[in-house]
Structure formats: C-alpha cells, structure tokens
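To keep things clear, I will list the structure first and then write my remarks on it.
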Amino acid sequence: MSSRALVFFVPVIVIAIFWLMARQESKRGVDPTHKGFFERNGIVLGAVFIGLVAFWTLFLVALPYLYMVVESFHPNLPPLKRGGPDDVVTIAQYKSFFITPNSGLVNSTHLWAFFFSILASVAVTALNFAICYPLAYYMAQTGTPQKVRLLMLCLIVPYWVNEILRAFSLRLLLASKGLINQVLVGSGIIDTPIDFLGNNTGLYVGLSYAYLLVMMFPLYNAIESLDKNQIEAARDLGAPWWRIHKDVVIPYAKPGIASGCTMVFMLSAGSLAAPQFLGGPRTLWFTAVIYDFFFQAFNWARGAAYSFILLAACIALVLALLRLFKVSLGETIR
C-alpha cells in the first residue's frame with residue numbers, strides 16, 4: 001500500500017480512537033439530570049449534525065492537509081510514474097528550501113521571502129493591535145450604545161465588498177497617480193508623488209485593513225466583559241491611565257489579545273491577494289512562491305513542502321508567543 005493511500009486510513013483510526021474514548025466515558029458515572037446528545041436533538045437531527053461535522057472535518061480539513069504532507073515527501077513525477085520505482089520517500093523537497101537544486105547554492109531568494117513574510121506579518125499584527133485596542137476599549141467601556149452600534153456598522157459595511165476588490169481600491173488610492181498623491185501634490189504638501197506601493201506601505205495598509213475585524217472582535221469581547229468597577233477603583237487609587245491599561249485591562253483581556261493576534265498573524269502570513277496587488281516590485285511574498293509551484297511550475301511536491309514549512313513555522317511561533325505571555329491555547333478560543 002502506498003503512503004498516499006495510507007492517508008485515507010488515518011481518519012478512520014482517529015475516529016476509532018475517539019469512539020473508544022466515548023465508550024470508556026459512558027461507562028463512568030453519568031448525571032441523571034443531564035440529557036445526552038441524541039436525547040436533546042433526536043436521532044435523525046443528531047445523525048445529520050454528526051455527518052456534516054465529520055464531512056467538514058475529514059474531507060475539507062484533515063484529508064487535504066494530510067495528503068499535502070505526504071506529497072511533500074515524494075519527488076515531482078508525472079502521473080504515469082507515480083507508484084513506480086522512482087516514486088520513493090525523500091526529503092529533497094525540503095532540502096530545496098535551503099539549497100537550490102540546480103546550482104547547489106544557498107536558496108537566498110526563497111529564504112528571504114520566507115523571513116520577510118514572517119516579519120511583515122508580525123509587523124501587521126502589531127499595527128492592527130495598536131489600531132484596534134483603543135477603539136475596542138472605547139466601544140466596550142466608555143462608548144454609548146448608539147455610538148457603539150454606529151462604529152460597528154462602519155467597521156462591518158466595508159467588508160461586504162470582496163477582498164480582491166478592496167485590494168484593487170487601495171491600489172488605486174495609493175498609486176503614484178492615485179487619489180492620495182494627487183491631493184498631496186495638488187495641495188503643495190509634496191512636490192513629487194510618494195511611491196507607496198514601491199516602499200511596501202500599500203502592503204502593510206492592505207493587510208492591516210483586510211484583517212482589522214479579526215483583531216477587533218476578540219479584543220472587544222474580552223474588554224467588554226471586564227467589570228467597570230475595577231477601572232473606577234484603579235482611578236480612585238490614583239493610577240494613571242497607562243497604569244490602568246498595563247495592570248488592569250491588558251492582563252484581563254490577554255486571552256482576547258492572544259486570539260486576535262494569532263488569527264491576524266496566521267492570516268497575514270498565508271495571504272495571497274493583498275501581497276500580489278499591493279506589494280512592491282521587489283517584494284516576494286512566500287505564499288506567492290508556493291502559488292507559483294502549484295499553478296505555474298506544477299511542482300506540487302515542492303509546493304506542498306513549502307506550505308508545510310510555512311504552516312509549521314507559524315504554529316511554532318504562535319505557541320512560543322503564547323508560552324512567553326503565559327496564555328494557554330484553550331484561553332484563546334474560549
């Protein structure tokens with residue numbers, strides 16, 4: 001049996017493990033006042049729920065990822081040669097990330113694209129937090145209900161437009177002959193247009209704008225549940241505003257901050273549309289490299305290896321930051 005075919009048996013093994021765990025749990029003492037899943041939903045509706053969740057989890061999430069991981073450990077072969085003597089398990093695709101296969105030199109182009117994408121995603125995450133935290137605090141603690149609803153509406157309505165259209169709109173605004181440069185030059189503030197796209201300003205603005213709500217809502221939900229009496233008590237004790245945020249608000253909202261930062265970072269690192277439309281001519285985003293391997297060079301094995309490297313690096317960085325700030329993974333998703 002090939003390693004690719006073995007992937008399809010992994011979910012079966014996982015389901016069997018969870019089924020055994022459920023059977024073991026059912027043998028323990030059960031609260032008589034607690035209704036089971038099928039008692040609450042009925043057999044038909046409960047089976048539909050389980051089937052839909054299982055289909056989504058296995059066929060749309062687990063199997064594609066598992067198949068790409070297995071594919072990354074195989075050479076790039078035409079379909080007729082797959083499963084033959086040349087189709088062996090190898091780490092050549094991962095090695096090509098560090099060493100260029102043809103020249104044997106360090107693959108500086110892809111390494112630079114990888115580290116630039118990671119660092120730029122961190123910068124976008126920090127920028128989003130700096131923008132969203134004051135606004136989320138105002139909406140959650142000091143804003144009136146009417147103003148909060150108006151701000152929510154102003155934040156949500158622009159996202160009714162497709163992400164690609166928003167990126168094109170920002171490109172029109174930030175281009176050398178775009179609206180912003182025309183206003184600045186026409187008003188005499190600057191003499192020559194600013195190359196917002198060439199210096200990656202458009203990239204940071206586009207990514208920050210694309211995932212603004214992803215940062216806003218976790219922050220708002222976390223800060224909104226904070227008892228206002230704690231803030232008033234800190235003020236009564238003479239704490240300055242920065243001390244209130246440092247010692248009261250931010251420690252309480254730490255799970256929301258971690259959740260928002262995690263999602264913005266992961267989405268930014270895996271973004272494709274904004275870097276392609278708003279990046280400068282010398283900007284190479286790592287997801288664009290992966291896209292080219294899949295759909296230009298048709299080298300799925302190398303594209304899968306690069307995808308797994310990016311995913312593993314992002315997960316490792318997120319877990320390291322959660323550990324650094326002493327926030328558990330469960331707190332970020334509660």
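Some notes on this structure:
- Total residues in the range 30-50 satisfying the condition of being more than 27 Å from the chain's Cα centre (by Cα) and either assigned to a helix (DSSP H, G or I) or modelled with pLDDT of 70 or more (or both): the figure is 12.
- Filter result for Lys246 (basic (Lys, Arg), over 22 Å from Ala316 (Cβ atoms) and modelled with pLDDT of 85 or more): yes
- Screening the range 287-320 for residues that are open to solvent by 70 Å² or more (accessible area, probe 1.4 Å) and under 19 Å from the mean Cα position of the chain (by Cα) and picking the one that is nearest to Glu71 (Cα to Cα) gives Phe308.
- Summed over the range 185-201, the residues that are at positive phi and loosely packed, with under 15 Cβ neighbours inside 10 Å give a count of 1.
- Filter result for Ala120 (farther than 30 Å from Ser225 by Cα, out of contact with any Lys or Arg (no Cβ under 6 Å at 6 or more places or on another chain), touching a residue at least 60 places away in the same chain (Cβ under 8 Å) and small (Gly, Ala, Ser)): yes
- Residue within the range 141-154 that is at pLDDT below 85, farther than 25 Å from Leu272 by Cα, assigned to a loop (DSSP other than H, G, I, E, B) and polar (S, T, N, Q) present: yes
- Each residue in the range 179-209 was checked for being under 16 Å from Phe168 (Cβ atoms) and touching a residue at least 24 places away in the same chain (Cβ under 8 Å), and 7 pass.
- Look at the range 52-72: where a residue is of a type in the set (D, E, K, R) and a partner is surrounded by 15 or more Cβ atoms within 10 Å (Cβ to Cβ), sitting 6+ places away or on another chain with Cβ atoms under 7 Å, you get Glu71/Trp300; Glu71/Ala301; Glu71/Ala304.
The values are calculated or read from the model by the stated rules, or taken from the named source; none is laboratory data. Remember, it's a predicted structure, so these values are computed and weren't measured experimentally. Note: ideal-geometry Cβ built from the backbone for every residue, glycine included; neighbour counts use all protein chains shown. Note: accessible area is taken over every heavy atom of the protein model, side chains too, but ligands, DNA and RNA are not part of it. Shrake-Rupley method; radii C 1.70, N 1.55, O 1.52, S 1.80 Å.
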